[in-house]
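Heads up: the structure comes next, in structure tokens.
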Amino acid sequence: VRKSGTNSRKTHYLLREDIRKLEKRERMASLLVKNRIETFDQLHAHQDECRELISVLCDERAKLRGKQTPEAEARLAVIREQLKTLRKEVRICDEIKEDSVLLEQKRQALRNSSTEKPQKRTRVQREK
């Protein structure tokens, strides 16, 4: 699997979407493992915590913006990187929620289709 920074033209067009999906799942799994998230409640709590930190950092950044000191500039750079990471984690949490809903719907559909008895097909239906 190629790293995301490589040229996608070298990757066969039939594989690009699969590679994107795999990388997305990898990001999701690493977030869950890194933060030891096992339930939706833990996922919601982590996402809420990230949003609170984003709010606090944005307030701090607003206070530092008018200052032109080297310390303020250094702190702004640190805040910028922290915000970037936190916003990415919030997006990944949203993706996990969306994907889990879709997977649950697919699982329900499979359950419903496996519990229904297959209908006997008549000769006319088979010829179509």
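Looking at the range 31-38, can you tell me whether even one residue there is part of a loop (DSSP other than H, G, I, E, B) and of a type in the set (A, V, I, L, M, F, W, C)?
yes
Residues of the range 35-50 being over 11 Å from residue 93 (Cα atoms) and surrounded by 11 or more Cβ atoms within 10 Å (Cβ to Cβ), which ones?
Those that are over 11 Å from residue 93 (Cα atoms) and surrounded by 11 or more Cβ atoms within 10 Å (Cβ to Cβ): 35, 49.
Any chance the range 67-75 includes a residue that's of a type outside the set (Lys, Arg) and outside any helix (DSSP H, G or I)?
Yes; the residues of the range 67-75 include at least one that is of a type outside the set (Lys, Arg) and outside any helix (DSSP H, G or I).
Quick check on the range 18-34. Is at least one of its residues within 26 Å of residue 96 (Cα to Cα), surrounded by 13 or more Cβ atoms within 10 Å (Cβ to Cβ) and touching a His at 6+ places or on another chain (Cβ under 9 Å)?
The answer is yes; a qualifying residue exists.
What's the number of the condition residue 15 fails, among (1) at pLDDT 95 or above; (2) open to solvent by less than 100 Å² (accessible area, probe 1.4 Å)?
(1)
Do we have any residue at all in the range 94-117 that's modelled with pLDDT of 90 or more, assigned to a helix (DSSP H, G or I), touching a Lys or Arg at 6+ places or on another chain (Cβ under 8 Å) and aliphatic (A, V, I, L, M)?
Checked the range 94-117: no residue is modelled with pLDDT of 90 or more, assigned to a helix (DSSP H, G or I), touching a Lys or Arg at 6+ places or on another chain (Cβ under 8 Å) and aliphatic (A, V, I, L, M).
Residues of the range 83-111 being closer than 14 Å to residue 25 by Cα, over 11 Å from the mean Cα position of the chain (by Cα) and open to solvent by less than 60 Å² (accessible area, probe 1.4 Å), which ones?
Scanning the range 83-111 gives no hits.
To keep it simple, each residue is scored yes or no on (1) surrounded by 10 or more Cβ atoms within 10 Å (Cβ to Cβ); (2) among the aromatic types (Phe, Trp, Tyr); (3) over 13 Å from residue 93 (Cβ atoms); (4) at pLDDT 95 or above.
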site: 2; (1), (2), (3), (4): yes, no, yes, no
site: 9; (1), (2), (3), (4): no, no, yes, no
site: 54; (1), (2), (3), (4): yes, no, no, yes
site: 71; (1), (2), (3), (4): no, no, yes, no
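The values are calculated or read from the model by the stated rules, or taken from the named source; none is laboratory data. It should be emphasised that the depicted structure is a prediction, and the values quoted were computed from it without experimental measurement. Because the Cβ atoms are built from the backbone with ideal geometry, glycine has one as well, and the counts that use them run over all protein chains shown. When the accessible area is computed, the model is the full protein with side chains, heavy atoms only, and any ligands, DNA or RNA have been set aside. Shrake-Rupley method; radii C 1.70, N 1.55, O 1.52, S 1.80 Å.
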